[in-house]
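Visitor: What follows is a single structure, and I will ask about it in a moment.
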Amino acid sequence: MTKRKRISRIVNGMLLGICILSAVAALLLGGETVKEGWEYDSLAKAAEGQTADGIDWSMLRSRNQDIAAWLRVEGTAIDLPVVHVRETPRTSI
């Protein structure tokens, strides 16, 4: 086997390894995104209350005291809580 072929095999092996690692990372990150979506859906269903705005704030704050608001955009999939991080008052997530 020539030196050029050996280098080519090494480079191809490294590229294959990078592709496999990228695919695994994408699956893991995608799984996290799906899990977060399920958690938000669960929270949204649990938060539906008999208040004027339709949100049970006492139940939400019992689950997470950092919840500051609820963001809902009609006609979109946006329907989730907004939390306020108390350690850094200028940051909201």
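Visitor: Pairs under 8 Å by beta carbon, first residue under 14 Å from ASP41 (Cβ atoms) in segment 54-81, partner β-branched (Val, Ile, Thr) and surrounded by fewer than 13 Cβ atoms within 10 Å (Cβ to Cβ), six or more apart or different chains?
Guide: TRP70/VAL82; ARG72/ILE78; ASP79/VAL73
Visitor: Looking at ALA77, ALA23, ALA46, ALA52 in this structure, which one is out of contact with any Leu (no Cβ under 6 Å at 6 or more places or on another chain), of a type outside the set (Lys, Arg) and at pLDDT 85 or above? Full working, then the answer.
Guide: Working: ALA77 fails: at pLDDT 85 or above; ALA46 fails: at pLDDT 85 or above; ALA52 fails: at pLDDT 85 or above.
Unique residue meeting the criteria: ALA23.
The values are calculated or read from the model by the stated rules, or taken from the named source; none is laboratory data. Fair warning: this is a prediction, and the values are worked out from it, not measured in the lab. FYI the Cβ positions are ideal-geometry reconstructions off the backbone, even for glycines, and counts take in every protein chain you see.
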